[in-house]
Amino acid sequence: MAALLNETDLIDRILAHIDGKTTDKGSVVWREPVENYHSPERFAAEIAVLRRVPMAFCPSAALPEPGSYIARTTVGTPLLVVRGTDGVVRGFRNACRHRGMKLEEGEGCKRAFACPYHAWTYGLDGSLRHIPGEEGFPGLDKAAHGLVPVAAVQERNGIVFVTQDEPLSDGPLGDLPEVLTDDYVLFNKIEFDDRANWKVLGETSMEGYHIKALHNQSFFPYGYDNLNVVELHGRNSRIVFPFRRIEKLRNIPREEWSTQGRITDVHQLFPNTHVSVLSSHAILIILEPVSPSETHWVVYQLAPRIKNGKPLDIEQARKDANFVQESGILEDRHAAREIQAGLASGANTHFTFGHYEQAIGHFHRNLTEHVDMLKAERSERVRALAAVDGIA
């Protein structure tokens, strides 16, 4: 688990920034080629990376009981993720082993999965349980015709991660913070699309340099412009956005200090997931790349059963979540779409991410490293095949 700043140290740093009119700054500038936001070749390489690292699929709270399942296409592959009777979450290719039809759509809770085409039926563990008219398939080995599993499913810190193919790295798991505790419950899920590259959309939540300019009427009246605490850990990052009310802590004994209700805590989990923890709720956002210029959003809104000793106020959580979704996030989405449209102008060969945008540079550095790992792996495979051909 990531060793992030504790509450007292975090508040100390925020108050020091307020007094000094400063913010956390990086030490390097990252220049990202604009081509990487629209190149089909680069997009294909990124999709290959996403299929080979643990990628957030859903919060644990979305699979609350045995038989709970979610069927969704992620980075081009239809998947079926289900919690078994043993409590373990498993993931499979969402395709019947008879004729390949999708078994399920959406989400729900079932004791078994029956194909809607010919009713071949599978257990929660993926095993083939029943074939209608089994005598018509003499010699078929049912044990060899279970659902095809993904490479790995790991449930960590309130999130279910799926690795579709042979792992390229441990992705975000090497230094994963505990962002969602066991007591979080799911109260809403939203899905929608944007005509923008997934990275352009993701970048909007990784810096506070734009708060006053873009969020002048939504977030800025309650917070600060370009005042953030930024922590880079493993392949992930944490960006803290303080509210102005945090200054009231100056009149409270240090042992009573709390960030509750005084910050928005945003965790970027490599490569395409963001978890924002706010006063009364949390938001888990998965940015699913569809094409170089299109992204599918999967947004889970959650809240803790108990907060500050009080039971969940679901209406307050919904009200706060709607404000965030319909104001700040809407403004970020508009900015991302305008950036995507501007790519065609040819005005920029690179985007320059400065010291105030260190989390974005950290993200791109890690993504580029993974793309290069993939290239090196393929080059090695080509050399090996060439060597075999040479011997032959």
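A compact table of results
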read-out	value
Nearest-0.05 FRET efficiency for ASN6 and SER127, computed from C-beta distance (R0 41 Å)	0.30
Per DSSP, loop trypsin sites (Lys or Arg not before Pro) in the stretch 302-355 with at most 12 further Cβ within 10 Å	ARG305
Of the chymotrypsin sites (Phe, Trp or Tyr not before Pro) in the stretch 100-131, those whose Cβ has at most 14 other Cβ within 10 Å and which sit in DSSP loop	TYR117
Accessible area per residue in Å² at 1.4 Å probe, computed on the chain	46 Å²
Cα-based helix-to-principal-axis angle, 7-20 vs the chain, degrees rounded to 10	50 degrees
17 Å Cα-Cα reach of LYS102 towards aspartates and glutamates, excluding residues that sit fewer than 8 places from it in its own chain	ASP125
Unit charges at the beta carbon, dipole of the stretch 47-116: most positive-side option, THR73, PRO116, ALA48	ALA48
Carbon plus sulfur fraction of accessible area for the stretch 108-185, probe 1.4 Å, in percent	49 percent
Rounded Å value of the spacing that divides the Cα centres of the stretch 339-382 and the stretch 96-140	42 Å
Only Lys, Arg (+1) and Asp, Glu (-1) charged, at Cβ; the chain dipole about Cα centre in debye	280 debye
Nitroxide proxy distance, nm - points 7 Å out along Cα→Cβ at CYS109 and HIS334	4.1 nm
Distribution of pairwise C-alpha distances over the stretch 138-217, 10 Å bins, in %	11, 22, 37, 18, 8, 3, 1
Alpha carbon Rg of the stretch 29-146, scaled by the compact-globule rule 2.2 N^0.38 Å	1.34
Cα lying deepest toward the dipole's positive end in the chain, options TRP30, THR352, ASN216, charges on Cβ	ASN216
Candidate values (i) 36, 27, 19; (ii) 32, 26, 17; (iii) 39, 28, 18, label of the one derived for semi-axes √(5λ) of the Cα gyration tensor in Å	(iii)
Residues of type lysines that LYS319 reaches as a straight line, Cα spacing below 30 Å, ignoring anything fewer than 8 places off in the same chain	LYS189, LYS199, LYS212, LYS248, LYS307, LYS310
Expected 222 nm ellipticity per residue - DSSP helices of 4 or more, -39500 (n - 2.57), all of the chain, to 500	-8000 deg cm²/dmol
Potential lengthening between ALA347 and ASP225 on full extension [0.36 nm per residue; Cα-Cα distance subtracted]	41.2 nm
In Å, descending, principal axis extents of the Cα set of the stretch 242-314	52, 26, 18
Cβ-placed point charges (K, R +1; D, E -1), dipole of the stretch 135-260 about Cα centre in debye, nearest 20	740 debye
Fraction of accessible area attributable to carbon and sulfur, the stretch 192-282 (%, probe 1.4 Å)	49 percent
Estimated inter-spin distance, GLU178 and HIS355, nm [label 7 Å along Cα→Cβ]	3.6 nm
Leading residue at positive end of dipole, the stretch 288-330 (Cβ point charges), from PRO292, ILE314, GLY328	ILE314
At most 14 other Cβ within 10 Å, DSSP loop - GluC sites (Glu not before Pro), the stretch 1-81	none
Cα gyration tensor, the stretch 164-209 - rounded (a/c under 1.5), prolate or oblate	rounded
FRET efficiency, 1/(1 + (r/R0)^6) with R0 35 Å, evaluated for ILE314 and ALA151 via beta carbons	0.40
Projected-area mean, the stretch 187-236, by convex hull of Cα positions, square nanometres	5.6 nm²
Full-extension gain in nm, ASP86 to GLU377, via 0.36 nm per residue minus C-alpha separation	101.0 nm
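The values are calculated or read from the model by the stated rules, or taken from the named source; none is laboratory data. This is a predicted model, so every value here is computed, not measured. Cβ sites come from the backbone with ideal geometry, for glycine too, and all protein chains shown count toward neighbours. The accessibility values were calculated without ligands, DNA or RNA, using every heavy atom of the protein model including side chains. Shrake-Rupley method; radii C 1.70, N 1.55, O 1.52, S 1.80 Å.
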